[in-house]
Amino acid sequence: MFEEYSIDKMPGHWLLARMGKRVLRPGGRELTLKMLDELDIGMKDTVVEFAPGMGSTAKLVMEKKPGRYFGVDQNEEAIEHLSGLCSNNGYKFIKADITDSGLRDNFATVVLGEAVLTMQTDERKERIIKEAHRILERGGRYSIHEICLEPDNLGEQAKDRIRKELSGEIRVNARPLTAEEWKRMFAKAGFRVEIILMRPMHLLEPSRLVRDEGIAGVGRIIYNALTTRGAMKRVSGMRKVFNKYEKYMRAINIIGIKE
């Protein structure tokens, strides 16, 4: 799935995956695990994951042994890769746009998505959240793990500057919202926000890398970045912009209940 882009133009999350990074979530493995604990997934649940990517969270969800699991992704190569993770007939990956999954109304008890909405326009964010609402049964839980801007009263010029520089480095349109803006989107779609968790956005900080990837994993990433032409420059550029705006960016997990 990486071959269609040069290193210079490749989306940042794909570049990191190509370098061997397995955890690509803004709050790292720690926030993903906390999110899954709060969702309390079990055999009674039908779980739908939007854009499971490389499958790191899919594996963790499957370890919870939900009754059914469906991963929805529009990338055919990703679906082929992910399908190799399935060891249960009730666990499937389907090729579809996450604004129009093809799943029936009131189908799921849990919908989750990580590092998905931040990279969408506000209009598409709303469409994705509405799709989560549509396929959830009443009382179902919808959880996101995204980038959050703070404080809530951050000026529009500052937001635009951060979004512009972030988008330029990761080569993907990035429009993170403040916590209050994320909450308003949930409320507009018909969700009651019950849980908000925040963590530092330290995706490329050494201590987070070790916790997420292990020493051997970090070594693999560094080796690949050093031996792939142009990769280290890209990774350094991303880390630089993350550090520049560290006090304005956080990782956020929101869990909403369909009313």
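The values are calculated or read from the model by the stated rules, or taken from the named source; none is laboratory data. Everything numeric in this text was worked out from a predicted model, so none of it was measured. Methodologically, a virtual Cβ is constructed for each residue, glycine included, from the backbone with ideal geometry; neighbour enumeration extends over all protein chains shown. SASA here: full protein model, heavy atoms, side chains in, ligands and nucleic acids out. Shrake-Rupley method; radii C 1.70, N 1.55, O 1.52, S 1.80 Å.
Below, the figures for the structure above:
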read-out	value
Whole-Hz couplings from phi, Karplus 6.51/-1.76/1.60, listed for region 45-58; x for Gly and Pro	9, 10, 9, 10, 10, 7, 6, x, x, 7, x, 5, 6, 3
Trp14 accessible area, assembled protein chains, probe 1.4 Å, Å²	50 Å²
Projected label distance in nm at Glu180 and Glu150, using a 7 Å step from Cα toward the beta-carbon	1.5 nm
Heavy-atom accessible area ranking, 1.4 Å probe, most first, across Thr57, Thr228	Thr228, Thr57
Phi-based couplings in Hz for region 157-174 (Karplus 6.51, -1.76, 1.60; Gly and Pro marked x)	5, 5, 4, 5, 5, 4, 5, 5, 5, 5, 4, x, 7, 8, 6, 9, 4, 10
Surface share of carbon and sulfur [accessible, 1.4 angstrom probe, percent] for the chain	49 percent
Estimated FRET transfer efficiency when R0 is 51 angstrom, pair Ala158-Asn89 (beta carbons, to 0.05)	0.55
Average accessible area per residue (Å²) across the chain - probe 1.4 Å, nucleic acids and ligands excluded	47 Å²
Modelled FRET efficiency - R0 25 Å, Asp40 with Arg104, Cβ distances, 0.05 increments	0.55
Rounded accessible area of Met54 (nearest 10 Å², 1.4 Å probe)	60 Å²
Within-11-Å neighbourhood charge of Gly140 [Cβ basis; K, R +1; D, E -1]	+1
Cα-only Debye scattering, the chain: base-10 log of I(q)/I(0) at q = 0.07, 0.12 Å⁻¹	-0.23, -0.69
Sites matching trypsin sites (Lys or Arg not before Pro) across region 152-251 that sit in DSSP coil, with at most 10 neighbouring C-beta atoms within 10 Å	Arg229
Share, in percent, of DSSP beta bridges within the chain that are antiparallel, nearest 5	45 percent
Computed label-point distance, nm, for sites Leu60 and Arg138 using a 7 Å Cα→Cβ extension	3.2 nm
